[in-house]
Structure formats: structure tokens, C-alpha cells
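Values quoted throughout were computed directly from the atomic coordinates according to the rules given, and no laboratory measurement underlies them. Please read these numbers as outputs of a predicted model, since none were measured by experiment. Using ideal geometry, Cβ is built from the backbone for each residue, glycine included, and neighbour counts are taken over all protein chains shown.
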Ligand code: GLY
């Protein structure tokens, strides 16, 4: 299959494939694999490992993630390689004797670490769909870790902002415990050794032997209770994606244990009857409608969603038009609904905004959408010297203290309570969109709870407001997540008059508290097969095509 990309002088240059990720080095490594004849799944493997080298705050081999795919034949599927709670975990593990949550225990140090799923997930993708030898896919990252990569300005700022925490958890001499400047070279020979071990021994090279032993030792030394059995028993799961229609789009996204697909479906289907494309872009009317859909969806998220292997989730009901129309019965175009008047749940969604997403399209027409994370920036800050990486703090995505029963008898956050071997609820929303049966978008974002709204708004920009993919991504975002009952706007949100009108409807927001929302990396294919790429300028994100 041949796609086209538009260049500045609007000639059409045929291109074979695209990789858009958080870092130039990773996108280029992915593209090299495509150039060698590898497919999008091979490039997923190579890009994942490359991000673990150059993007240590979120790229990882010690976290977890989700992949949504659509093959050239139109087959779709998804892989869950989310972390799991260790066997020793229990519902009260972050509570003191008075039942109060102990501050930071689920975020920093060994007790915050979930059993990593990334390596098992990446290798599962290779086993099922890969066409090139594993060694060819890992080798570029081994070389990158050995030769080193240059620190960017944003990366230096990010590393320096966490330096004290790195030292607090790991001691003065820890690998990242120094001040970094733009242009510094980071070589990570221990990570190169670890990647080599995975290349030689596959899953056993990570989940058994000295690599696993060094993780168990360090996690437990820093307050955790993880075992070799936790590592050796980890398995990824192929899951049916969430699939729904929106006008002439078919949207394929991640199902539980991610809330991404269900919430995205809810938001899109709640606004579908209102023909948002007829409302002026970023007008008070359009913003109000989207905010009210976001509010209602996040209320459901807290109550219903968790690991489907442990809790029954009424997922088809939650995304059905009947249910969602009913949810919008109290929508008033002239008045903000109070979150306290929206039933379901009383759990505040507090999620870190550090995660990473990449999108890949190959020359055969296979599309891959991957979001992966350590949860917080640099995860738990627990750095395992022998293997050269930080461990995740994904346990913080469980509800540390489930709330009280709701009107349906469900207990708030209970669905996402901690249990051994359970997967914590996520917001990651790797997504693929078809238009009239043909591939249209591959996209996703980091951003914790703001991931879903970032994906929601990017799809609407591209489809309803007919923007190109870069403009769809650049456009300022906003976010409402039911609790707290306030809207967040990005700093460059300029529609001040419309915002004043929103205040009059009863919406709460404080523009002084604005911050960046999401970093979407996406690929778009139009009806003529012209491909365009969008890398989010909010980060160091980079689109590479060939
Ligand atoms: N840890 C971020 C997420 O899974 O949504």
C-alpha cells in the first residue's frame, strides 16, 4: 500500500510509513526498522525499547502499557500489558492504623511498584506479529544506550526538578542524581546490558535471573514487598478493544483495565446528537457541551471501572446510546450542571500526567497505537543500578481507600481496589479511527486523567472542525473530570470572551492555574490516501516518515 504525504510546495511525495513518538531518536529507530522491511509491530518493539533509553521519565521496560492495532486487512485488537499488584498486596497497604492514607506511600519508594508488564507485552507483540528477528529490533537501542543520547532542554529541566527525590530514594551517588544541562550526553551501559539480556533470553532475560533479582532486591530495600514469583508469573492479555460508531467514524480504543476507550465512547456519544460541528469552534456553546459530557463520563469512571478479570463491568451498557442519552437528560445548554448533582462515585481522579504515546503506520497499511507509562515522572524514583532504569509507581493508580456505596449499591472506587495480581485502572487511550471503513487516525496521549479529553478533543478537531492533524494537536485543550468541579484550560487558551460566558453559565475555573494538557502524537490518512503526521510541540515529540 502506498500513502502520500503533503510537502510544503504541495507536491505529493509517496511515503512508506511513519513513526511519531516523544523523542526523535526513538522515531528514527522505528523508521529504520520499517525501512528494513519490518512491519508496524516490529517498529513498535524497536520504538518501545528506544524510548526506555532516551525518555527515562516515561519510556520504559519496567512499567506497563496498552497497544491497539488495526492490520492492513482491517483486523483489530488490543494488548493489555498493564502492571499487576504484587502477591503480597492488600486493600489496606497504604493506610495507617487509623485507616488514613499514608501520604506518598503509593507514589514514592518500593511499595509503590507494580509488577512490570512492558517487556512481556512488547515480546508478545513480537511473537504474534513480528517479522524481523528480535535481536535486530533491540540492537539499535543497545547501541543507543552504549553510545549515549543528548539531553534536551526540556529533559534537563525535567531531570533537575526531580534530582532531590532521586537522591532521597537512592542515595547521593545515584545515576541521575546530578544537575543536567542541554547537550549533556547520557550513556547507560547497564541498560544496554539489560536490553542484551532480553534480546538473548526473551522474557526469561527480564522476569527471571539476575535482572529480576536486582529489581526485587532494590524494590524491597526501598520499602516494597515484591517476589521473584511476582515477576515470573506476569502475563500480558489480548483483549477485545472498545469499538463504537460516531457518525461515519468507527473508533477503536482500549478497554478495561483502561478507562480510556469507555470514557472516550461516552463523551463522543453524549455529544453526537448535538451536531457540534455546527457550533462555532471553541465557542461557549461547544465548550459547554463538551465539558458537560466530560463531567458525566468521569463520574461513571470512578464507580464502574477496574480490572475486568476481577470486576464485572457493564461496558456495553455504559457506551450504549440509550444510556448516554439518559445521562444527558439533565443537560441544560444554558446552565452548568453541578458535579454534586451527578450521581456515581465520590473518588477524586488523581493521576500523574507522565506517560508516553507513539503512533506507527507501515507501508503495508498496519496501524499501531501504543501508550506506555511508569505512571509518575520517573515512576517511583526507585532506580535499579544494575539494570539502569527506574521502577514504576503504578500502584498509585489503584484507589488507596475505596469510598462509600452509591445509589446502585456499588462502592465508590471499589472496582479499582487493590488485590493481589489485579491490574490498576488506567486512563491510557491508544486509539485508531476509521472513516467510512478506511483508516483515518492513529492517536493517543500521555496526561493521566487528561489523556481521554486530549484524545476526545483531537478527534473532534480533525473530524468536526476539519483541521489538519498538526493543527488538531496544537489547538489549546481544556479538561473537566467531574471532581473537582472545575475546568482546566491550557495557558494559551485565548477565547476570553467565550470563557467569560462560560462563567456566567456556572462553570468554575482559575486561569492562573493553567497548565499544559496532554501531548498527542498522531497520524492522519485522508480519503485520497494522503498521510500527514502530527507531533506535539508541547514536548520534544518528533514525527519521522520515509
Ligand atoms: N498511569 C497513568 C494511566 O495509566 O492512566
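For the range 241-383, what mean projected area does the convex hull of the alpha carbons give, in nm²? Before the final figure, lay out the partial values.
Working: hull surface 47.1 nm².
Spelled out: convex hull of the Cα atoms, projected over all directions, averaged, 11.8 nm².
DSSP bridge analysis restricted to the chain gives an antiparallel fraction near 95%, rounded to the nearest 5.
Sorted ascending by nearby beta carbons within 10 Å, beginning with the fewest, 533, 455 become 533, 455. Rounded, prolate or oblate: pick one for the range 82-196, where a ≥ b ≥ c are the square roots of the eigenvalues of its C-alpha gyration tensor, a/c under 1.5 means rounded, and failing that, prolate if a/b is larger than b/c, else oblate. Cα axes put the range 82-196 in the oblate bin. Shown is the FRET efficiency for residue 172 and residue 103, computed with R0 = 25 Å from the Cβ-Cβ distance and rounded to the nearest 0.05: 0.55. Note on the range 212-264: Cα convex hull, mean projected area over all directions, 5.4 nm².
Quick check on the range 1-148: what does the Kirkwood estimate of hydrodynamic radius come out to from the alpha carbon pairs, in Å? All intermediate terms of the calculation are to be shown ahead of the outcome.
Working: mean 1/r = 0.0566 Å⁻¹.
With all distinct Cα pairs of the range 1-148 included, I get 17.7 Å.
Shown is the FRET efficiency for residue 248 and residue 322, computed with R0 = 30 Å from the Cβ-Cβ distance and rounded to the nearest 0.05: 0.90. All C-alpha to C-alpha distances of the range 136-213, sorted into 5 Å bins beginning at zero, yield P(r) values of 3, 15, 17, 18, 19, 15, 11, 1 percent in whole numbers.
Any chance you could tell me what percent of the C-alpha pair distances in the range 395-546 go past 26 Å? Write down the numbers at each step before the final one.
Details: 4698 of 11476 pairs.
Pairs farther apart than 26 Å: 41 percent.
Dividing the summed helix terms, -39500 (n - 2.57) for each DSSP H run of n ≥ 4, by the number of residues in the chain produces a 222 nm estimate of -10000 deg cm²/dmol to the nearest 500.
Note on 509, 440, 358: ascending count of other Cβ atoms within 10 Å places them as 509, 440, 358, the fewest first.
With one equal scatterer per alpha carbon and no solvent term, the Debye-computed log10 I(q)/I(0) for the range 467-529 at 0.12 1/Å reads -0.40. Given a Förster distance of 25 Å, report the FRET efficiency between residue 185 and residue 214 from their Cβ-Cβ distance, rounded to the nearest 0.05. Efficiency, rounded to the nearest 0.05: 0.50.
Shape index of the chain: Rg/Rh, with Rg the Cα radius of gyration and Rh the Kirkwood radius from the inverse mean 1/r over Cα pairs, equals 0.95.
Length gained on full extension, residue 35 to residue 492: 160.7 nm, using 0.36 nm per residue less the C-alpha separation.
Of all alpha-carbon pairs in the range 294-335, indicate the percentage at a distance above 13 angstrom. I get 61 percent for the Cα pairs in the range 294-335 exceeding 13 Å. Label separation (residue 438 vs residue 278): 2.8 nm, computed from points 7 Å beyond Cα along the C-beta direction.
Here the Kirkwood formula, the inverse mean of 1/r across different C-alpha pairs, assigns the range 153-303 a hydrodynamic radius of 20.5 Å.
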